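Participant: Pasting a structure below so you can have a look.
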Amino acid sequence: MTGAAVPGQPGGVLGGLGPAATVHFLRRVVELTDAHRDQDHVDLLVWQHGSIPDRTGFLRGENESPEPALVADVQALERAGATFVAVPCNTAIVWVEQMRAAVGIEVLDTVDETVAAAREAVPGLRRLGVLATDGTLSAGTYARSAERAGIELVLPDPEHQRETMSVIYDGVKAGNPVPRSRFDALVEHLRAQGAEAVALGCTELSVLRGDLGVEDPLVVDSIDAVAVATIRRAGARLRA
């Protein structure tokens, strides 16, 4: 089911994937909405479900599947009155079709929204770098989305991919500070391989970008991409 939401009927947020990323997503929805009073903001039902099994862990064979919880959560949001669901997590999009098949409302695709945002940032984009979890990359969601858009992906080499995972899991998810130099080194690694823009394909990296105050327009943030899609889908106005 697609189309503009009816004013006063909320969107849904399947959150907790991780929790800090959901909080950052909600902040960005507020900041990116052209609102001058409470009533101009987007109505959202938020399910902060941090105990869902780790998505990358499952894809690496380390824990049980998150699919049953993801499907049950979008169904619960639909029953609660959500008119669509945003998922501020990239790895969970591996199961977007299963979530969509379980409900009669739209489930936004965070990966597709991020690739679309990169194309807006760089008209005629040919090569897109992606920093993401092992699970997201192995599942091929960005590869398929980029192929549909006629874009070549640029991915980290094994050493830099291990560093990306450390920044995500040992840094952001663990609540530990990450120096700006580590973030910049990952971005520059992809640019050195010809990436015209770099997508932060993990929402923990979006949290880090916000914490570090990174304002590079060619670093495309998946949280911002799905926040913009949420605002548009809810029928609200984007801040100029």
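Participant: Among the DSSP beta bridges whose two residues both lie in the chain, what percent are antiparallel, rounded to the nearest 5?
Facilitator: 5
Participant: Continuing with this model, one more query. Please list the three semi-axes, largest first and in whole Å, of the ellipsoid equivalent to the chain, using sqrt of 5 times the eigenvalues of its alpha carbon gyration tensor.
Facilitator: 27, 21, 17
Participant: Taking all protein chains together and a probe of 1.4 Å, list TYR169, TYR142 from the most accessible to the least accessible.
Facilitator: Ranking TYR169, TYR142 by accessible area, largest first, yields TYR169, TYR142.
Participant: Next question. At 1.4 Å probe radius, can you tell me the per residue accessible area of the stretch 2-155 in Å²?
Facilitator: In whole numbers, the stretch 2-155 has 43 Å² accessible per residue.
Participant: Around LEU205, with a cut-off of 14 angstrom between Cβ atoms, what is the net charge of the other residues, counting Lys and Arg +1 and Asp and Glu -1?
Facilitator: Cβ neighbours under 14 Å give a net charge of -4.
Participant: Relative contact order of the chain, please, whole-number percent, based on alpha carbon pairs below 8 angstrom and at least 6 residues apart.
Facilitator: 28
Participant: Along the Cα-to-Cβ line of SER51, 7 Å from the Cα, sits a label point; which residues in the stretch 170-214 have backbone N less than 13 Å from it?
Facilitator: none
Participant: Return the carbon/sulfur percentage of the accessible area of the stretch 18-123, one whole number, probe 1.4 Å, all protein chains in place.
Facilitator: 49
Participant: Give me the compactness ratio for the stretch 163-228, meaning the Cα radius of gyration over 2.2 N^0.38 Å.
Facilitator: Dividing the Cα radius of gyration by 2.2 N^0.38 Å gives 1.05.
Participant: Using 0.36 nm times the number of residues separating GLU62 and GLU31, minus their current alpha carbon distance, what extension gain do you get?
Facilitator: Computed gain between GLU62 and GLU31 is 7.4 nm.
Participant: For GLY194, what charge total do you get from the other residues with a beta carbon under 11 Å from its beta carbon, if Lys and Arg give +1 and Asp and Glu give -1?
Facilitator: Net of charged neighbours comes to +1.
Participant: Could you work out the relative contact order of the stretch 65-150? I mean the mean sequence separation of Cα pairs under 8 Å and 6+ apart, divided by the number of residues, in percent.
Facilitator: Result for the stretch 65-150 is 28 percent.
Participant: Another question, if that's okay. Could you put ARG28, ARG126 in order of accessible surface area, largest first, with the 1.4 Å probe and the full protein assembly present?
Facilitator: From most accessible down to least: ARG126, ARG28.
Participant: Just the Cα atoms of the stretch 1-98: what Rg and Dmax do they give in Å?
Facilitator: Cα radius of gyration and Dmax of the stretch 1-98 are 14.4, 48 Å respectively.
Participant: Moving on. If we count every other residue with Cβ under 13 angstrom of LEU59's Cβ, Lys/Arg +1 and Asp/Glu -1, where does the sum land?
Facilitator: -3
Participant: Which parts of the stretch 177-204 would a label at ARG239 reach, counting a residue when its backbone N lies under 20 Å from a point 7 Å out along Cα-to-Cβ?
Facilitator: none
Participant: Right, next: Which order, highest average first, do 50-57, 198-205, 72-79, 10-17 follow once you tally other Cβ atoms within 10 Å for each residue and take the mean per peptide?
Facilitator: Result, highest mean first: 198-205, 10-17, 72-79, 50-57.
The values are calculated or read from the model by the stated rules, or taken from the named source; none is laboratory data. Since the structure is predicted, the reported quantities are computational estimates derived from the model, not experimental observations. Glycine also receives a Cβ, built like all others from the backbone with ideal geometry; neighbour counts cover every protein chain displayed. To get the accessible areas, we keep the full protein, side chains included, count just its heavy atoms, and leave off ligands, DNA and RNA. Shrake-Rupley method; radii C 1.70, N 1.55, O 1.52, S 1.80 Å.
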